1. Please list, or write none, the aspartates and glutamates whose alpha carbon is within less than 18 Å of the alpha carbon of residue 380, excluding same-chain residues fewer than 8 places away.
2. Please give the helix 152-162 orientation as an angle from the longest Cα principal axis of the chain, in degrees from 0 to 90, rounded to the nearest 10.
3. Please give the FRET efficiency for residue 380 paired with residue 208, using the beta carbon to beta carbon distance and R0 = 22 Å, rounded to the nearest 0.05.
4. Kindly count the pairs of lysines across the stretch 238-349 whose alpha carbons are less than 22 Å apart, treating pairs on different chains or eight or more residues apart as eligible.
5. Of all the stretches in the chain, which is the longest one without any exposed loop site, taking GluC sites (Glu not before Pro) in a DSSP loop (any state but H, G, I, E, B) with at most 12 other Cβ atoms within 10 Å?
6. Do any cysteines in the chain lack another Cys Cβ under 4.7 Å, and if so which?
7. Can you check how the C-alpha radius of gyration of the chain compares to 2.2 N^0.38 Å, as a plain ratio?
8. Given the stretch 220-361, report the % of alpha carbon pairs whose separation exceeds 27 Å.
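A short reminder: the numbers here are calculations on the coordinates, not readings from a lab. Quick caveat, the model's predicted, so the values are computed rather than measured. Glycine gets a Cβ as well: all are built from the backbone with ideal geometry, and neighbour counts include every protein chain shown.
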Amino acid sequence: MTPCVLKFGGSSVATPQRIKDVARLIKDKAETCQPVVVVSAMGKTTDELLRLAKSVSPSPPPRELDMLLTVGERISMALLSMALHDLGLKAVSFTGSQVGIITENKFNRARVLEIKLYRILDALRDRKIPVVAGFQGVSLSKEITTLGRGGSDLTAIALAISLGKVPCEIYTDVPGVFALDPHDFPSARRYDRLDYGVLSEMASSGAKVMHARAVNLAAKYNLPFLILSSYEPEMGGTLVERREHLESPGVKAITTAKVLMLDVEGKEGVPLLIRMIGEVRVLNFSHDTTGKHLVFFVPEEEGDRALKLLSELGLRFSMRGELSLVCVIGWGVGTSPEIGDTLFATVGWEHIFMMSSSDMKICIVVERERERAIVERLAKRFNLLDEKRSFKGPDS
Ligand code: ADP
Ligand code: ASP
Ligand code: MG
């Protein structure tokens, strides 16, 4: 039987009952392929561990933070293996370092350099189900590292590629990728198939459904993968694959992200930009023509990290919160005058703080309190809602 990588996010293993449900799902899948399971920390465990760290030290050393955060995935991998044993399956849990997920020497957001598959191939040979802790690896200098928030997706994609481009299924709490976050817009259209490029832009603009680096890695190796709900796998999901030639130009999705605007004074220019992009997840940036200001937009949760960096560099800056980055995404969106005109007519120039565009997207920054109304108008205008459908979350 061929191996298949099955990844379960934190929302899929949030409670002991969910872990048992997921074990049953894996048992069913084991009839058709040899599962290699990747699991995230239970529910909000990683957030809680972060809070715990901050309660001890306002700015924890990155090495110790990674040591702490990897614990979340260790808990879920061991519990899921136990649940699989109870169903009569031979399962064996492994940390990222045990299976040889080798990363660069960088804490908190390390890149995966290589996967040795050490113990995984042995486990498969012994007809055991390897359950691998997502989001973590070991650096070239043998330190425990993490891959960045949401990084279990990356573990799954990298494993599927290393195993020889085997089928890869990403189980989450929604049945696929929608034109808008289905929790906020229950009538959002769902896609049966989607191009890597569109999902990559969505992920890097704030849509949480999949880690941006994971989508890019899949695109690089052309590894199609399925995103589906672990609560209702029978509903199918979205197959993410290479589709650019089949895709007609037009708006496919709208994303939103809570952002901070950091306006940095001075002539640091390029060196600052490079440091910032290397250390903080920058969603967008712009500079004025005098070259005296560099304006960054970072996700709110990256605010502490960005402020620390700017303070360390001794730069003068001002900050503004309560803003949202709204991106309209699809092939040719940024180069279509019609789409641009429609967007500005729908939103109104006076509400736009900042605008940027590339071939695949146009992003604007607006006041947070206007976000909902603006997105609703845009979604209707670009035909992204399907009034006949109504997504109901697993809890409803
Ligand atoms: P997991 O715990 O499985 O990794 P995440 O919370 O990281 O799950 O990602 C799933 C969430 O992504 C969904 O609950 C949904 O609210 C959010 N999301 C945001 N935008 C979209 C979108 N366009 N399509 C689907 N889900 C989206
Ligand atoms: N547990 C990690 C996080 O919350 C990784 C993941 O969920 O993919 O970011
Ligand atoms: Mg996730």
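1. Of all the aspartates and glutamates, those that pass the test against residue 380 - Cα under 18 Å, at least 8 places apart if same chain - are 181, 184, 338, 341, 371.
2. Computed tilt is about 60 degrees.
3. The formula returns an efficiency of 0.40 here.
4. 4
5. It works out to 32-386.
6. 168
7. Relative to the 2.2 N^0.38 Å estimate, the chain comes out at 1.00.
8. 40 percent
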